[in-house]
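Chemist: Pasting a structure below so you can have a look.
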Amino acid sequence: MLCRSLDEVYLIWFEASRNFLIIQEPVWFVFQNILSGMNKTKLVSDCTVRYDLATNECIQFVDDLEASFNQLSADKEKQEMFQRLQRSSADILLKPCFQSTYCFNGKFFSIRYYSEYIKFNFHPMLVHNQTDNFPPDVYTIDLYSDKESYYLTLPDNETERWLLSDMAYFKGAVWGKIINSMFLKTEKDWMMTLHASGVTDGVNTMLFSAAAGSGKSTFSSLLQAHGYQLLSDDFISVDNNGMAYSFPFSISVKNGALPILSPYYPQLDETEEELASTGKMVRYLTPSKPVTDRSSFPIKYVVLISYKADASFVFTQMDKAGAVQKLLTEVWVNPLPGSVEAFMSWLDGVEFFELTYSDHNQALDAVKKFFPIV
């Protein structure tokens, strides 16, 4: 169990259940004393005096909290979303329907796709990095499926299996393996993966995080058109040192964003619409050439962004407790104690902002002024 103070609230991570919890008084008082082993009768008595509550209310309050904490702290076996297997490459009986090699920042990786559907979920995001010139020892992974599961096989023949209902997690695992190969990392090196777009001025990074459809990609594309480097569209990987890494995704542009982005990216008008894995029709935009050869940057700001057609403009700093509460819905934190500690420490050094807008130019001007290119 790990704990961190955030202003006037406390962020707690329960290792057994891998859950975060944000609490404040009087819950924090009860939690501390339960952990210290205080006798329940004394704890109830102290609560009645400290918070001027009736004894029966305090008994119920303490009992409910104790049950909740015990459940979160229970050392129970967690069911993994995937299974690791060991097999020979000879176990793949079918030939891949398509194989492609990609290059990003001089680093190569190859994917063998064993079904058109799997190709449909990955290749469009990477096609702009496709290359025919590559060395013979390219890092290659196999992606295939049967009637129950998706499979990811690495060059050492280790295989991970995911249920067909877990495509999102399967995709995350594939991207993770590729990033590891590109940046010579292992799973234990990563602090978190954040559902966000990110831009850099060449020195620091500003991330835009929100649920799907909140305008992350559109706004990051606008900033790219004004000289910022786009780190990634849709998700950002951050290592235990708090460094955000670039990743070669195409930017998926929905029809509603065309009038906003076409003046800056006229090629979008000539780009063919495609059905994305989300079920929506999109056009894929190739990221601009990086403004620097660096591949990782410290995160200075996290902006919780929301585009609404009739919204009043808001661009203001958030209190850390409220920001983290929202951030936790869009982040996967590596459930290793060292990574969780790194995440809690990282929160201290990052500034959080809320950006709600309906006028793209107004929002763009405000962010450019606040976060100018160095």
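We did not get these values from a lab; they are worked out from the coordinates using the rules stated. Note that the coordinates shown come from a computational prediction; the quantities given were computed from them, not determined experimentally. Ideal geometry is used to build each Cβ from the backbone, glycine not excepted, and the neighbour counts take in all protein chains shown.
Chemist: Efficiency by 1/(1 + (r/R0)^6): what FRET value for VAL127 and GLU8, r their Cβ-Cβ distance, R0 = 56 Å, to the nearest 0.05?
Modeler: On the way: r = 49 Å, r/R0 = 0.87.
Computed FRET efficiency for VAL127 and GLU8: 0.70.
Chemist: Cα centroids of region 291-309 and region 95-140: how far apart, whole angstrom?
Modeler: Comparing the Cα centres of region 291-309 and region 95-140, I get a distance of 27 Å.
Chemist: Taking the 0 to 90 degree range and rounding to the nearest ten, how far is the long axis of helix 167-183 tilted relative to the main principal axis of the chain, both from C-alpha atoms?
Modeler: 70 degrees
Chemist: Let me ask something else. Give, rounded to the nearest 20 debye, the magnitude of the charge dipole that region 2-73 has about its Cα centre when Lys and Arg contribute +1 at Cβ and Asp and Glu contribute -1 at Cβ.
Modeler: Values: 5 positive and 10 negative charges, 50 e Å.
For region 2-73, the charge dipole is close to 240 debye.
Chemist: Could you give the length gained by full extension between ASP46 and LYS147, i.e. 0.36 nm per residue of separation minus their alpha carbon distance, to one decimal place?
Modeler: Numbers: separation 101, 0.36 × 101 = 36.36 nm, distance 5.88 nm.
Full-extension gain reported as 30.5 nm.
Chemist: Now for a different question. Which of HIS226, VAL340, ALA67 sits farthest toward the positive end of the charge dipole of the chain, with +1 on the Cβ of Lys and Arg and -1 on the Cβ of Asp and Glu?
Modeler: HIS226
Chemist: Can you find, among TYR307, ALA16, ASN180, the residue farthest towards the positive end of the dipole of the chain? Put +1 on the C-beta of Lys and Arg, -1 on that of Asp and Glu.
Modeler: Selected residue: ASN180.
Chemist: With +1 assigned to the C-beta of every Lys and Arg and -1 to the C-beta of every Asp and Glu, and no other charges, what is the dipole magnitude of region 239-301 about the Cα centre in debye, to the nearest 20? Working shown, then result.
Modeler: Details: 6 positive and 7 negative charges, 59 e Å.
Using only the charged Cβ atoms, the result is roughly 280 debye.
Chemist: Right, another one. What percent does the relative contact order of the chain come to when contacts are Cα pairs within less than 8 Å and at least six residues apart?
Modeler: Reported as a whole number, the value is 15 percent.
Chemist: Okay, moving on. Between GLU273 and ASN39, what length comes free when the chain is fully extended (0.36 nm per residue of separation minus the Cα-Cα distance, one decimal in nm)? Mind showing how you got there, number by number?
Modeler: Working: separation 234, 0.36 × 234 = 84.24 nm, distance 6.57 nm.
Result: 77.7 nm gained on full extension.
Chemist: Normalised by the number of residues in region 2-73, what is the relative contact order in percent for Cα pairs under 8 Å and 6+ residues apart? The partial results should precede the final answer.
Modeler: Numbers: 62 pairs, mean separation 19.7, N = 72.
Result for region 2-73 is 27 percent.
Chemist: HN-Hα J couplings of region 356-368 from phi, Karplus 6.51/-1.76/1.60, θ = phi - 60°, integer Hz, Gly and Pro as x?
Modeler: In residue order, the calculated couplings are 10, 7, 10, 9, 4, 5, 5, 5, 4, 4, 5, 5, 4 Hz.
Chemist: Now for a separate question. If you place +1 on the Cβ of every Lys and Arg and -1 on the Cβ of every Asp and Glu, how big does the dipole about the Cα centre of the chain come out, in debye to the nearest 20? Walk me through the intermediate numbers first.
Modeler: Numbers: 31 positive and 45 negative charges, 111 e Å.
Here the size comes out at about 540 debye.
Chemist: If you don't mind, there's one more thing I want to ask. Could you work out the relative contact order of region 94-171, using alpha carbon pairs under 8 angstrom and six or more residues apart, expressed as a whole percent? Don't skip to the end; give the middle numbers.
Modeler: Numbers: 119 pairs, mean separation 18.6, N = 78.
Dividing the mean separation by the residue count of region 94-171 yields 24 percent.
Chemist: Packing-wise, with mean Cβ within 10 Å as the measure, how do 44-55, 110-121, 360-371 rank, highest first?
Modeler: Working: 44-55: 13.8, 110-121: 18.2, 360-371: 15.6.
Result, highest mean Cβ count within 10 Å first: 110-121, 360-371, 44-55.
Chemist: Separate question: What angle do you read, to the nearest 10 degrees and between 0 and 90, between the alpha-carbon axis of helix 40-51 and the longest principal axis of the chain?
Modeler: It is inclined by approximately 90 degrees.
Chemist: While we're on this one: Can you give me the angle between helix 116-126 and the longest principal axis of the chain, using Cα atoms only, in degrees from 0 to 90, rounded to the nearest 10?
Modeler: Helix 116-126 and the main axis of the chain meet at about 90 degrees.
Chemist: So what does the Cα-only Debye profile of region 186-265 read at q = 0.10, 0.19, 0.21, 0.27 Å⁻¹, as log10 I(q)/I(0), no solvent term?
Modeler: For the requested q values the scattering log ratios are -0.24, -0.79, -0.93, -1.36.
Chemist: I've got another one for you. Among the lysines, select those whose C-alpha is under 28 Å from the C-alpha of LYS40, and discard any that sit fewer than 8 residues away in the same chain.
Modeler: Hits, sequence-local ones excluded: LYS76.
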